[in-house]
Amino acid sequence: MPELSASGAALGALAAAAVFATLVRGAALALVYPLCAVAALVLGAVDLRVLLTGTELTQQLPIGLPTIGLHLRLDPLSAFFGIVVNGGILAASVYGMGFDRAKELTRRVEPLFPLFAAAMNLVLLADDAYAFLFSWELMSLASWALVVARHADPESRRAAHLYLVMAAIGTAALLFAFGGLAGPAGGYAFDTMRGHPPQPMVAALVLAAALIGCGSKGGLVPLHAWLPLAHPAAPSHVSALMSGVMTKVAIYGFVRIAFDLLGPPAWWWALPPIILGALTAVLGLLYAVLDRDLKRVLAYSTIENVGVIFVALGLALAFRANGEHEAAAVAMAAALLHALNHSWFKSLLFLGAGAVLHATGRRDLDGLGGLIHRMPRTAAFFLVGALAASALPPLNGFVSEWLLFQAVIAAPALPQAALHFASPAIGAMLALAAALAAACFVRVYGTAFLGRPRSAEAAQAHDVPLAQQIAMGGLAFLCILGGLLGSVLATALAPVLADLVGGGLPRAGSGPTVFSLVAFDPARSVYDAPVIALFVAIASLTTLVVVHRLSARRTRRGPAWDCGFPDPSPATQYTASSFAQPLRRVYGTAAFAARETVVMPPPGDSQPARFSVVLVDHVWRALYAAPGRAVLGLSERLNALQFLTIRRYLVLMFAALVILLAIAAVTT
Amino acid sequence: MNQAYEISHLLSGAMLVTSFALLYQQRVAAVLNAFAAQSIVLALAVAWAAWSSNRPDLFITALIAFTLKGIVIPVALRRTVTRLGIHREVEKVVGVGAALLVGLALTGLAQALVVKVASGTASHAREELALALAIILLGFLMMIVRRNAVTQIVGFMSMENGLILAATGARGMPLVVEVSVAFSVLIALFVFAVFVFRIRERFDTVDIEALDRMRGDRR
């Protein structure tokens with residue numbers, strides 16, 4: 001099989017790049033990125049070929065555990081996620097080529113980058129539990145080491161520590177999941193698992209474990225706490241990979257277990273992913289709207305998108321359990337397309353944030369502003385990403401969200417009362433999330449790129465090197481193209497959908513043009529992206545022309561209206577916090593017990609007035625801080641046991657012996 | 001044949017009595033005497049088992065027990081005690097009465113346990129085993145109710161006596177194992193001895209409570 005050999009060679013090249021980067025220093029480290037880009041291209045090409053031809057490649061290697069060996073398999077599902085992963089790696093590598101060879105390369109980042117890339121590809125190729133968990137752990141550890149690369153920063157260390165703990169919990173859960181799937185016979189190859197679906201109770205436990213394992217990696221509430229700390233702490237191109245791509249590997253893991261290995265679904269399997277996903281979507285954006293750190297906002301938005309994808313996966317499970325294959329295909333296509341689209345626009349946004357960070361040295365929104373004049377290209381690309389993330393037509397984010405809403409609208413047809421009645425609530429929560437996403441990105445873009453600079457650094461910013469512009473430009477192009485060609489992408493998914501839900505999109509190609517995306521009925525549920533794009537273009541161009549006609553002929557630049565206060569400070573502009581205030585008042589009180597306090601000095605006193613907001617993260621308090629305190633308290637109590645006298649240790653041993661003997665005497 | 005078991009039970013019973021005697025001795029010298037008595041009775045019991053069941057290798061075990069634990073170790077410990085000047089009253093953690101009551105309960109436990117666990121074996125072997133287990137438990141008890149390092153050594157050696165007795169009752173324990181057990185006990189004894197001297201050098205006493213006081217630990 002030449003394809004798998006090509007993939008193997010590319011993975012070998014990544015491993016060689018990692019080893020090479022540990023041996024050299026200085027400018028030679030820059031060679032890592034072209035090598036990674038080439039490897040990603042090769043891997044992506046193989047994936048694309050497998051996806052388009054709908055073939056399935058398998059390979060068994062005699063390495064790994066004795067008697068099990070190493071099973072590799074590239075089926076359409078792996079190939080699809082491989083395209084997602086390698087697209088992200090390619091963009092991040094091209095971005096990396098723009099780094100300053102003298103200053104920006106360190107041996108803390110460059111050797112780990114190809115390792116991280118190779119590990120994510122290996123997870124997709126694995127066809128037995130051992131290979132899967134091994135590469136999953138490799139992926140976790142490589143990304144952890146990248147998070148801790150800036151270890152001088154205590155925030156970074158804290159994030160890395162939390163990430164390590166959560167990754168360990170997630171892997172342990174996956175270990176249980178595969179243990180349940182392997183059954184008493186211990187068949188750890190995925191083929192054996194497929195042949196022997198577990199008992200219903202075991203299947204439920206496996207599903208829960210998979211949800212914990214993959215959900216903690218993807219950032220599903222309440223396992224999300226590490227994500228907004230760890231993703232922004234890494235270097236920006238790695239943040240793009242972690243947020244845009246690694247979360248997709250987590251989703252791949254869930255799809256692989258829930259749709260492929262676990263056998264025919266029961267309808268109630270759909271409830272946990274749907275409910276948690278909807279909660280994640282809304283809560284993620286509520287965090288995002290209130291946060292003031294550019295990269296952290298993007299990480300919270302990732303949490304929201306993972307929630308959206310989980311909702312779609314849950315709907316697909318519900319439809320499939322009820323034998324509604326058409327609707328299942330729509331929901332599944334929504335999940336997969338959203339994974340692809342999110343990987344593009346989130347990578348773009350993180351690379352844009354990296355460009356801003358590089359140009360200004362700041363991530364706090366309230367220290368930015370006016371960048372559209374100083375970094376025009378980055379600003380344009382970031383705008384495309386922000387529009388796509390807000391799911392506005394004709395960009396790619398809208399395509400998958402539209403498909404998801406079609407699936408939600410079809411959900412009341414489900415016979416089970418729980419799903420039946422939950423579907424309007426889910427639809428409402430998703431709609432709220434979509435609206436909050438728009439608000440969130442208006443806020444981010446408006447504060448960072450519009451207005452006047454709020455700091456000296458922002459005022460002196462300049463655009464980034466060409467390679468980094470190419471990386472962002474390519475992704476922005478993909479976001480636009482993915483929006484226009486949504487129907488083509490959905491058709492290309494047919495082999496994956498056939499494997500997972502028993503058939504592709506039912507009415508693909510029945511619309512008026514090739515570019516019409518049809519969900520169920522060509523008469524009612526059609527999204528015709530090029531037509532809409534044309535309409536948007538015509539409408540905005542007409543408006544532009546009319547406005548220019550009606551206005552004065554020449555554009556003049558003059559001072560902005562200053563409300564009668566000459567020379568105002570940039571601090572008088574809308575800030576990120578003030579923009580979020582209405583949303584904080586509406587939702588913050590319920591979600592975060594937000595309390596605002598205003599301290600006004602008495603009249604005549606020249607002290608400044610103080611305004612402060614206190615937010616409480618209930619999830620953190622209940623599920624992270626409280627157990628942490630309990631463990632700490634218990635260990636402090638038990639600590640005394642380490643400082644007893646010899647005689648007391650002997651007494652303890654003797655007591656244990658006597659008690660055990662007494663038990664033996666009583667029970668035998 | 002019955003007579004052989006009667007005599008071996010008599011000797012094992014005598015060892016158990018000396019174990020109780022160890023528990024209530026007030027002075028270090030008396031503790032050492034009781035220990036020597038127990039070791040000599042052990043040697044007799046082992047020798048009787050060797051003679052009655054015709055296993056001549058057990059005579060070597062008996063000889064080791066007699067010379068090493070019946071004579072050499074008690075004499076050595078006695079000389080140490082005189083040299084260190086600690087042949088006075090032994091401090092106890094719990095009173096004699098309570099210690100004896102606990103010892104009685106342990107003996108009962110050993111009896112009950114062996115009756116339950118070894119119900120398949122012959123009754124004489126079972127009783128032998130029960131007595132040995134009781135001696136082991138009493139040795140352990142001795143280690144934790146006394147505060148003196150020398151008496152802890154004696155408690156440890158008394159446990160080892162119980163082990164030898166059990167091994168004699170259980171047929172087929174090879175001599176190599178016994179020799180190695182005896183050897184390891186000897187090593188442990190050396191360690192204890194060095195330990196005792198170190199305590200003495202530093203704190204002018206062998207009361208192990210001094211270690212706790214040094215560490216700032218309150219009782």
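Look through A:L351, A:L340, A:L336 and report the one residue that is in a helix (DSSP H, G or I) and farther than 30 Å from A:Q406 by Cα.
Values: A:L340 fails: farther than 30 Å from A:Q406 by Cα; A:L336 fails: farther than 30 Å from A:Q406 by Cα.
The unique qualifying residue is A:L351.
For (1) within 12 Å of another protein chain (Cβ to nearest Cβ); (2) at positive phi; (3) under 9 Å from the mean Cα position of the chain (by Cα), each residue gets a yes or a no:
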residue: B:L113; (1), (2), (3): yes, no, no
residue: B:K116; (1), (2), (3): yes, no, no
residue: B:S123; (1), (2), (3): no, no, no
residue: B:E128; (1), (2), (3): no, no, no
residue: B:L133; (1), (2), (3): yes, no, no
residue: B:F140; (1), (2), (3): yes, no, yes
residue: B:V150; (1), (2), (3): no, no, no
residue: B:F156; (1), (2), (3): yes, no, yes
residue: B:N161; (1), (2), (3): no, no, yes
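Just to be sure I understand the filter: pairs with C-beta atoms under 9 Å, separated by 6 or more residues or on different chains, first member in segment A:642-665 and facing chain B (nearest Cβ under 8 Å), second member assigned to a helix (DSSP H, G or I) and among the polar types (S, T, N, Q). Which pairs pass?
Pairs found: A:I646/B:Q152; A:R647/B:Q152; A:L650/B:Q152.
Only residues in segment A:461-486 that are outside the structural domain of A:Y95 (by TED's automatic domain parsing) and part of a helix (DSSP H, G or I) count as the first member; pair them with residues that are among the charged types (D, E, K, R) and surrounded by fewer than 22 Cβ atoms within 10 Å (Cβ to Cβ), Cβ under 6 angstrom, at least 6 apart or cross-chain, and list the lot.
A:Q469/A:R377
Each row is one residue, and each column tells you yes or no for (1) crowded, with 24+ Cβ neighbours inside 10 Å; (2) closer than 26 Å to A:H420 by Cβ.
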residue	(1), (2)
A:S239	yes, no
A:T247	yes, no
A:A258	yes, yes
A:G263	no, yes
A:R296	no, no
A:N305	yes, no
A:I309	yes, yes
A:G323	no, yes
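Could you list, in sequence order, the residues of segment B:24-42 that are part of a helix (DSSP H, G or I) and surrounded by fewer than 23 Cβ atoms within 10 Å (Cβ to Cβ)? Spell out the reasoning first.
Residues of segment B:24-42 that are part of a helix (DSSP H, G or I), as a first pass: B:24, B:28-42.
Of everything in segment B:24-42, those that are part of a helix (DSSP H, G or I) and surrounded by fewer than 23 Cβ atoms within 10 Å (Cβ to Cβ) turn out to be B:Y24, B:A29, B:A30, B:N33, B:A34, B:A36, B:A37, B:I40.
Out of (1) assigned to a helix (DSSP H, G or I); (2) within 25 Å of the chain's Cα centre (by Cα), what's the single condition that is false for A:L29?
Here A:L29 meets the rest and fails (2).
Quick one: which of A:L623, A:L634, A:L638 is more than 10 Å from chain B (Cβ to nearest Cβ), more than 30 Å from B:N148 (Cα to Cα), loosely packed, with under 14 Cβ neighbours inside 10 Å and aliphatic (A, V, I, L, M)? It would help to see each step written out before you state the result.
On the way: A:L623 fails: loosely packed, with under 14 Cβ neighbours inside 10 Å; A:L638 fails: more than 30 Å from B:N148 (Cα to Cα).
From the options A:L623, A:L634, A:L638, the qualifying one is A:L634.
Would you check if A:G54 is assigned by TED's automatic domain parsing to the domain that holds A:L125, farther than 20 Å from A:A189 by Cβ, small (G, A, S) and crowded, with 21+ Cβ neighbours inside 10 Å?
Details: assigned by TED's automatic domain parsing to the domain that holds A:L125: yes; farther than 20 Å from A:A189 by Cβ: yes; small (G, A, S): yes; crowded, with 21+ Cβ neighbours inside 10 Å: no.
For A:G54, the condition - assigned by TED's automatic domain parsing to the domain that holds A:L125, farther than 20 Å from A:A189 by Cβ, small (G, A, S) and crowded, with 21+ Cβ neighbours inside 10 Å - is not met.
From A:D499, A:D528, grab the single residue that is without any contact (Cβ under 8 Å) to a residue 40 or more places away in the chain and acidic (D, E).
On the way: A:D499 fails: without any contact (Cβ under 8 Å) to a residue 40 or more places away in the chain.
Only one candidate passes the filter, namely A:D528.
Here is a list: B:L109, B:L16, B:L104. Which entry is loosely packed, with under 14 Cβ neighbours inside 10 Å, at pLDDT 90 or above and within 29 Å of A:V666 (Cα to Cα)?
Within the list B:L109, B:L16, B:L104, the selection yields B:L104.
Only one residue in B:V114, B:V46 is at pLDDT below 90, touching a Lys or Arg at 6+ places or on another chain (Cβ under 7 Å) and under 18 Å from B:L165 (Cα atoms). Which one? Outline the logic, then answer.
Numbers: B:V46 fails: touching a Lys or Arg at 6+ places or on another chain (Cβ under 7 Å).
Going through B:V114, B:V46 in turn, the sole match is B:V114.
Just the residues that are among the hydroxyl-bearing types (S, T, Y) and more than 26 Å from A:L392 (Cα to Cα), please, taken from segment A:535-555.
A:S551, A:T555
The values are calculated or read from the model by the stated rules, or taken from the named source; none is laboratory data. Given the structure is predicted, the values throughout are model-derived calculations rather than measurements. Note that each Cβ is placed from the backbone with ideal geometry, even for glycine, and that neighbours are counted across all protein chains shown.
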